[in-house]
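The structure appears right after this line, and notes come after that.
The values are calculated or read from the model by the stated rules, or taken from the named source; none is laboratory data. No experiment lies behind these values; they were computed from the predicted model shown. A quick note on method: Cβ atoms are made from the backbone with ideal geometry, for glycine too, and the neighbour counts reach across all protein chains shown.
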Amino acid sequence: MNTSVSNTARLLGAGLRALLVLTVVTGIVYPLVVTGIAQGLFPGQANGSEIEADGRVVGSSLIGQSYNLPLKKGQETPEPDLKWFQGRPANGLGTNTVNTQYDLLLSGATNRSADNPELVRWVKDAKAAVVADNSVRGYTVDPADVPADAVTSSGSGLDPDISPAYADLQVHRVAEKNGLPVDRVRHLVDEHTENRTLGFLGEPRVNVLELNIALKELVAGR
């Protein structure tokens, strides 16, 4: 009986010591080491890829934002503020209970097939809106020139980037709304166009938040 109690006590003590050691190693030491390495080598990414403007954090380079006008009385769907570059659609191009406009608590796609009648209608309506919004005096958008990312949401619905083609399509409208030369706004897009990662991964892209911050600075410095 005494031997059995002694063995049980010994095993219990060993288990408690193992629990304590593993708790310290995996719960304290490991997180501190990983956090230290991340902060030392990749501080920007470790802190959420924050973007600052006017001395404060205005967003993350990894998360898209909406650029809309304030809702009017009785209005349910906000209108885009056309003085800014617009990102990809983020609400399924229609009513989508899975994902709302850049809502960080909800991330997802429409999960509709390419030939789904509702999705086809959304894309057609979105293309018509892109053409109408970006056709300004002296410049008319050809529907054939509207890129796919201008009328479809990404898999997450939170994509922060657009294609250079979609950014270029918006140049004339942004220039007119802000009273800027078209060439200067196009140059701004070129400056913020990133090439493929490592030269072969992904596609060329433009971060909308970073581009709009640069646009704001350009307008303020006129």
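Worth a mention:
- Subset of the range 198-217 (residues that are exposed (fewer than 12 other Cβ atoms within 10 Å of the Cβ) and among the aliphatic types (A, V, I, L, M)): 198, 201
- Within the range 62-79, tally of residues that are of a type in the set (Ser, Thr, Tyr) and either part of a strand (DSSP E or B) or in contact (Cβ under 8 Å) with a residue 40 or more places away in the chain (or both): 1
- Residue in the range 31-38 that is of a type in the set (A, V, I, L, M) and not in a helix (DSSP H, G or I) present: no
- Every residue from the range 189-208 that is over 19 Å from residue 147 (Cβ atoms) and part of a helix (DSSP H, G or I): 191
- Evaluation of residue 59 against (1) over 29 Å from residue 147 (Cα atoms); (2) not in a loop (DSSP other than H, G, I, E, B); (3) not hydrophobic (A, V, I, L, M, F, W, C) (one fails), failing number: (1)
- When the range 155-191 is limited to residues that are in contact with a Ser or Thr (Cβ under 7 Å, 6 or more places away or on another chain) and crowded, with 20+ Cβ neighbours inside 10 Å, the one that is modelled with the lowest pLDDT turns out to be 157.
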